[in-house]
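The values are calculated or read from the model by the stated rules, or taken from the named source; none is laboratory data. Source: prediction; values computed, not measured. All Cβ positions, glycine included, derive from the backbone under ideal geometry; neighbour counts span all protein chains shown. Ligands, DNA and RNA are stripped out before the accessible areas are found, and what is left, the full protein with its side chains, is counted by its heavy atoms. Shrake-Rupley method; radii C 1.70, N 1.55, O 1.52, S 1.80 Å.
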Amino acid sequence: MFRRILVANRGEIAQRIIRACRELGVETVAVYSEADADALYLRQADETICIGPAPGAQSYLNIPAIISAAEVADVEAIHPGYGFLAENAHFAEVCQSCKIHFIGPDPATIQSVGNKANAREMALSAEVPVVPGSDGAVDDEREAVRVAGKLGYPVMVKAASGGGGRGMRVARNEPSLVSGFHAARSEAQAAFGDATVYIEKFVENPRHVEMQILGDRAGGIVFLGERDCSVQRRHQKLIEETPSPSVTPKLRAEMGAAAVRMARAADYHNAGTVEFLLDSQGDFYFIEVNARIQVEHTVTEMATGIDLIKEQIRLAAGEELGYSQADISCRGHVIECRINAEDPERNFQPSPGLIETFVPPGGPGVRVDSHCFSGYRIPPNYDSMIGKLLVHRDTREQAVATMQRALSEFIIEGPKTTLSVLQAIISHSDFLAGEHDTGFMERYFSQ
Ligand code: MV4
């Protein structure tokens, strides 16, 4: 096991990683930007190093500054958390060349699944169902029209280097395909420095169901159940849960086996997520692999009792899983709400600033992962997540009741928050019936 690691992140995930390390007896070095000098995670780490000014590009994305900090602090490994450098294959490679373990998959794996057109081809060869689409990249307008004609409209043009919904266009006919093709390419070029796009048949109002996997270097791969992340707004997840209300035991076994085949094809070591779309007929299609720990990993932790951050660290240190699929069980029902400092009355615009009062809920079945406290000032430079509220109960109905109670207990004074929207969502009849899909927010909450 590592003696000492550097946490290359901030906020709740930095705190989460430091907590795991403390229990493992691993020393931690926290890095911070000038905007985070008063952050809570700095008090929980063994050592702290300032890596630059507030903007992410000059601090949490600053590879030379982070590597220098790691060398000075003499760490054996770096945990990137999520966001920032978590899926940067170049960073993982720099770590390797500096003899520092990157706590995540190998650079080659990050690279190969990071290209979505390539990941699609890998899925095909691993007999993982994909949405009908182009064979790899589509290089020109004529080719796009030909492919779409063959698939039938509607289709979706997607950036190969995309993610988070950028560089995507839906086309319902040929003229909109032609303009969407060029729009997606220029957006992708601007956002990712790569104009490569591919085309898929458009799945109307799918559910978003993702499978958590863990892989070791000895060929052991397990899946830890699914998370339903269908409650999203502009590609930002608001609520995640397990089990998915629309996944039967048979479907779970099929999707889990497909996720494991995909992980094996990608030579995946460490924690990862295989994302699927689930259509109204119960057919599922691979869309992408997330080569990182995700915000919502906590949902799976509560249902399985497995500490995913500890597993990531163990696996990166070369340990084997030590258990197999039959040893994993998911108990009860878990729901997570992401609470953001955003103003629902003003189109969810960020609402940073001083938190005057912060009183999180507690009691049976409740977990809060947050870096916030009364008197904390949310800097305007980063994402607006205040924290995650999770509940774990025997049934979905009980989990909803506990979530309603916990949301109503939560006191956050100062910034505007999404607490009221979350309360409205979990009390909506479609959500209560488990009938919501990825179109839910737009249908009911776009005023
Ligand atoms: C799709 C799709 C429909 N058909 N692909 C959005 C982000 C990226 N991860 C993939 N996304 C989608 N891909 C096909 N062929 C619909 C979406 C999509 C979506 C997916 C998951 C959760 C929320 C979504 C919201 C809008 C669109």
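Structural remarks
- Per-residue packing, averaged as other Cβ atoms within 10 Å, sorts the ranges 427-438, 122-133 into the order 122-133, 427-438, beginning with the highest.
- Dipole magnitude (debye, nearest 20) for the stretch 150-255, charges at Cβ of Lys, Arg, Asp, Glu: 220 debye
- Relative contact order (%) - criterion: Cα under 8 Å, at least six apart; region: the stretch 226-320: 22 percent
- Prolate/oblate/rounded call for the stretch 255-303, Cα gyration tensor, a/c under 1.5 rounded: oblate
- Farthest positive-ward along the chain dipole, Cα basis, beta-carbon charges - from Ser280, His428, Ile110: His428
- Fraction of accessible area attributable to carbon and sulfur, the chain (%, probe 1.4 Å): 48 percent
- Listed residues Ala188, His235, Phe202: farthest to the positive end of the dipole of the stretch 184-243 (Cβ charges): Ala188
- Of the residues Leu177, Ala144, Ser161, the one whose Cα sits farthest towards the positive end of the charge dipole of the stretch 132-201 is Leu177 (charges of +1 on Lys and Arg Cβ, -1 on Asp and Glu Cβ, taken about the Cα centre).
- In a reduced charge model with +1 at each Lys and Arg Cβ and -1 at each Asp and Glu Cβ, the stretch 132-201 shows a dipole moment near 240 debye about its Cα centre.
- Remark: the stretch 78-88, residue by residue, has Karplus-estimated 3J(HN,Hα) of 10, 9, x, x, 10, x, 6, 9, 4, 10, 9 Hz, where x stands for each Gly or Pro and the curve is 6.51 cos²θ - 1.76 cosθ + 1.60 at θ = phi - 60°.
- Site pair Ala326 and Glu34 shows an inter-label distance of 6.0 nm when each label is modelled 7 Å from Cα along Cα→Cβ.
- The stretch 380-447 shape via C-alpha gyration tensor axes, a/c threshold 1.5: oblate
- Relative contact order, percent, the chain [alpha-carbon distance under 8 Å, six or more residues apart]: 14 percent
- Net charge contributed by nearby residues that have their C-beta within less than 12 Å of Gly167 (K/R +1, D/E -1): +3
- Sparsely packed loop sites in the stretch 240-323 (the GluC sites (Glu not before Pro) outside DSSP H, G, I, E and B with at most 12 other Cβ atoms within 10 Å) comprise Glu320.
- Residues in the chain average 40 Å² of solvent-accessible surface per residue, probe 1.4 Å, ligands and nucleic acids excluded.
- Where trypsin sites (Lys or Arg not before Pro) fall in DSSP loop in the stretch 1-108, at most 14 other Cβ within 10 Å: Arg3, Lys99
- Using the Cβ-Cβ distance between Leu124 and Lys250 with R0 set to 22 Å, the FRET efficiency works out to roughly 0.45.
- Relative contact order, percent, the stretch 132-201 [alpha-carbon distance under 8 Å, six or more residues apart]: 43 percent
- Note that the stretch 309-317 has calculated 3J(HN,Hα) couplings of 6, 4, 4, 4, 5, 4, 5, 5, 7 Hz, one per residue in order, obtained from phi through the Karplus relation 6.51 cos²θ - 1.76 cosθ + 1.60 (θ = phi - 60°); glycine and proline are x.
- Violating pairs (Cα-Cα greater than 23 angstrom) within the set Lys99/Lys388; Lys116/Lys201; Lys237/Lys388; Lys237/Lys416; Lys158/Lys250: Lys99/Lys388; Lys158/Lys250
- Of all DSSP-defined beta bridges confined to the chain, some 80% are antiparallel rather than parallel.
- Semi-axis lengths, largest first, of the ellipsoid equivalent to the stretch 317-447 are 27, 21, 16 Å, with √(5λ) applied to each eigenvalue of the Cα gyration tensor.
- Test item: Cα-centred dipole of the stretch 71-184, Lys/Arg +1 and Asp/Glu -1 on Cβ, debye: 620 debye
- Among the trypsin sites (Lys or Arg not before Pro) in the stretch 300-360, those placed in a DSSP loop whose Cβ has at most 13 other Cβ atoms within 10 Å are Arg331.
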